[in-house]
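Nothing in this text is a laboratory measurement; each read-out follows from the coordinates by a stated rule. This is a predicted model, so every value here is computed, not measured. As a convention, Cβ positions derive from the backbone with ideal geometry for all residues, glycine included, and neighbour counts pool all protein chains shown.
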Amino acid sequence: MRLLVGDIFTNAARTVPDRMALAIGDRSWTFGELDLISDQVAHRLLEKGVGVGDHVSLRADLSLATVALFAATAKIGAVFVPIDPALSDVEVSRLHATFDAALSLDTHGAAHLVEHAIELGPVDPIDDSELHEGLTQVMFFTSGSTGEPKGIALGQRVLSLRSHPGAQPEDRGSAVCPFPLFHVAGWATTLQQWQARAAVIYPETFRADAICRVVAAYRAERIYCIPAIWRRILDHVAEARAVGGPLPDLSSIRFADTGTSATPLSLIEAIQELVPQARVRVFYGSTEGGAVTCLQGEALTERVGSCGLPMQGIRLRTGGDGELQLQGPCVLEPVTADDPQFTADGWFRTGDLAEIDDQGYVYIVGRAKEVIRSGGHSVSPVEVEAVLATVPGIRDVAVIGLPDPDWGEIICAVVVGAPGSRTPGLEFVRRCCSDRLATFKHPRRLVVVDEIPRTASTQQVRRRLLAAQIGDAPVSSSASSAPQSPDRVPAG
């Protein structure tokens with residue numbers, strides 16, 4: 001059996017060519033159109049010298065061009081490298097320094113390439129006889145614990161297997177995908193839908209009204225949102241109800257999923273009340289491991305704090321330090337024989353501390369790696385600290401993650417002011433970050449202390465001590481509501 005990503009939509013085009021494959025705004029493609037356009041774009045890439053194993057980087061906005069380039073690279077065995085268009089030029093340069101790009105495109109360049117490819121008209125199907133499932137298909141970037149960009153390479157086989165459990169012989173109905181196309185969850189949802197010969201709908205923005213509008217317009221049966229997006233939808237419905245306006249029609253939803261950050265019981269119950277006809281599920285996973293666990297049914301209220309049971313094919317264990325480790329066919333493979341992401345006996349190290357009860361339910365209790373997870377993004381404290389250390393008026397700085405009901409964690413800068421200088425406020429600090437860090441890496445809270453502990457313990461332990469020291473203080477969940485002047489907490 002050959003497991004290639006391109007076969008997913010090519011096979012769909014052969015069986016249901018006139019069925020809708022995707023829609024963005026008022027534009028849509030059928031599976032037949034997706035297959036043809038991806039062939040046309042693939043021929044353009046080949047003309048530009050892109051071949052098997054070559055990297056094609058793209059500032060991946062939410063557009064048909066992004067989808068076309070993903071599909072085209074899959075067909076010729078090239079590596080698709082989607083980059084967050086919100087990243088600064090400095091950040092993008094750091095990413096590009098970690099790999100050789102045969103072709104690098106911004107959003108305008110991608111749109112131009114796809115438009116000209118479509119002008120080719122009918123083309124011969126791409127010869128993929130030399131491709132094999134061991135080829136890398138996508139490389140996603142995340143922040144490593146050291147602050148250096150971390151490219152996560154996922155192969156044709158892994159991506160095919162991750163989408164296969166969702167494939168059904170019958171039409172599953174359309175799914176709304178409120179994830180950006182530089183995020184693994186966006187492509188996981190897309191491929192699961194295409195495996196099932198069903199459509200994926202991308203809202204033009206991630207505003208609650210836009211999401212609700214496409215759910216109603218396409219009678220979508222599935223939606224997966226991070227907790228922060230679900231709260232936006234709940235607030236949108238509450239506001240409409242308060243003013244006596246028309247309520248969004250969400251009656252078509254059969255599966256209401258969430259995950260990527262902590263999901264409190266109050267939010268789960270609110271989603272159940274909003275879409276009582278739907279099955280609510282909470283997923284835990286990662287770019288490297290895919291969907292790892294799922295919490296659903298009665299366990300949502302009986303196993304509060306758990307992220308569920310392992311997905312099919314996933315094996316879990318905890319190491320001596322309590323770190324959750326996993327194996328399975330959908331987990332990325334080691335890059336080298338001594339890949340530090342894996343144990344000596346081949347288990348992937350998640351970086352999360354966990355407990356597993358006697359029924360197999362998993363509870364995430366902490367973090368083994370120095371990474372802040374905020375709204376589906378992984379942020380390195382080291383990277384943010386390096387930028388904040390250059391801000392005028394700051395003598396010393398530590399960056400920590402504080403719990404937040406919407407975002408999982410928010411980024412908090414703990415600073416020591418420079419002698420003889422006025423300690424900067426939050427908005428000034430954020431402005432200083434604007435040219436060097438993407439907005440999601442900016443601090444949402446600023447706390448001033450007299451001294452940051454410098455001991456023989458690791459920086460990770462130091463940050464945990466700081467988090468415990470200020471964790472009882474009020475936390476703002478957005479920059480707009482964050483204090484304009486810094487909080488002051490005495491050093492402990």
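Once you sort the root eigenvalues of the Cα gyration tensor of the stretch 264-389 as a ≥ b ≥ c, which label holds: rounded (a/c under 1.5), prolate (a/b larger than b/c) or oblate (the other case)? Show your work: numbers first, answer last.
Working: a/c = 2.07, a/b = 1.35, b/c = 1.54.
Verdict is oblate for the stretch 264-389.
Mind checking which aspartates and glutamates have their Cα closer than 13 Å to the Cα of Lys75? Skip sequence neighbours fewer than 8 apart in that chain.
Lys75 reaches Asp7, Asp35, Asp39, Asp54, Asp124, Asp127, Asp128, Glu130, Glu133.
In terms of modelled amide H atoms, which long-range or inter-chain residues lie less than 5 Å from the amide H of Arg279?
Phe255, Ala256
Mind giving me the nanometre distance, one decimal, between the label points for Asp345 and Ala101, set 7 Å out from Cα along Cα→Cβ?
4.3 nm
From the square roots a ≥ b ≥ c of the eigenvalues of the alpha-carbon gyration tensor of the stretch 45-203, which class results: rounded (a/c under 1.5), prolate (a/b over b/c), or oblate?
Judged from the Cα gyration tensor, the stretch 45-203 comes out rounded (a/c under 1.5).
Express in nm, to one decimal, how much length is gained between Ser88 and Arg254 on full extension, taking 0.36 nm for each residue of separation and deducting their alpha carbon distance.
Stretched out fully, the Ser88 to Arg254 stretch lengthens by 55.9 nm.
Most exposed first by the Cβ proxy, i.e. fewest other Cβ within 10 Å, how do Lys369, Lys441 rank?
Ranked by crowding around the Cβ, least crowded first: Lys369, Lys441.
Order these by the 10 Å Cβ neighbour count, fewest first: Cys294, Cys225.
Ranking Cys294, Cys225 by Cβ neighbours within 10 Å, fewest first, gives Cys294, Cys225.
Pull up all non-local amide H partners of Ile83: gap of 5 or more, or a different chain, and H-to-H distance under 5 Å with H placed in the peptide plane.
Leu58, Arg59, Ala60
Going by how many other Cβ atoms sit within 10 Å of their own, how do Phe255, Phe80 line up, fewest first?
Phe255, Phe80
What does the extension gain come out to for Ala242 and Val123, with contour length at 0.36 nm per residue minus their alpha carbon separation?
37.3 nm
Fully extended, how many nm does the chain gain between Tyr363 and Asp235 (0.36 nm per residue separation, minus their Cα-Cα distance)? If you can, show how the numbers build up before the last one.
Numbers: separation 128, 0.36 × 128 = 46.08 nm, distance 2.87 nm.
Going from the current span to full extension adds 43.2 nm.
Quick one: dipole size for the chain, taken about the Cα centre, charges +1 on Lys/Arg Cβ and -1 on Asp/Glu Cβ, in debye to the nearest 20.
That gives a dipole near 880 debye.
What residues have an amide H closer than 5 Å to that of Thr30, excluding those fewer than 5 places away on the same chain, when H is modeled at 1.01 Å from N in the peptide plane?
Long-range HN contacts for Thr30: Ala21.
Can you list the trypsin sites (Lys or Arg not before Pro) in the stretch 39-71 that are in a DSSP coil and have 15 or fewer other beta carbons within 10 angstrom?
Of the trypsin sites (Lys or Arg not before Pro), the ones in loops of the stretch 39-71 whose Cβ has at most 15 other Cβ atoms within 10 Å are Lys48.
Counting Lys +1, Arg +1, Asp -1, Glu -1, what net charge surrounds Ala42 among other residues with beta carbon under 12 Å of its beta carbon?
-3
Taking the Cα centre of the chain as the origin and placing charges on Cβ (Lys, Arg +1; Asp, Glu -1), which of Ser104, Val399, Phe179 is farthest toward the positive end of the dipole?
Of Ser104, Val399, Phe179, it is Val399.
What lysines sit close enough to Lys369 to cross-link, taking a C-alpha to C-alpha distance under 25 Å and skipping anything fewer than 8 places away on the same chain?
Within the straight-line limit of under 25 Å, Lys369 reaches these lysines: Lys150, Lys441.
Evaluate E = 1/(1 + (r/R0)^6) for Asp338 and Arg27, where r is the Cβ-Cβ distance and R0 equals 56 Å; express this FRET efficiency to the nearest 0.05. Before the final figure, lay out each step's value.
Values: r = 47 Å, r/R0 = 0.85.
Rounded to the nearest 0.05, the efficiency is 0.75.
Under a Cβ-Cβ cut-off of 11 Å, what is the net charge of the residues other than Pro443 that fall near it, where Lys and Arg count +1 and Asp and Glu count -1?
Neighbour charge sum, excluding Pro443 itself: +2.
Classify the stretch 5-364 from the C-alpha gyration tensor, please: rounded if a/c falls under 1.5, else prolate or oblate depending on whether a/b exceeds b/c.
Numbers: a/c = 1.68, a/b = 1.15, b/c = 1.46.
Oblate.
Quick check: net charge around Asp84, other residues with Cβ under 10 Å of its Cβ, Lys/Arg +1 and Asp/Glu -1?
Net local charge, Asp84 excluded: -1.
Between Ser266 and Ala216, what is the spin-label point distance in nm, taking each point 7 Å from the Cα along the Cα→C-beta axis?
2.8 nm
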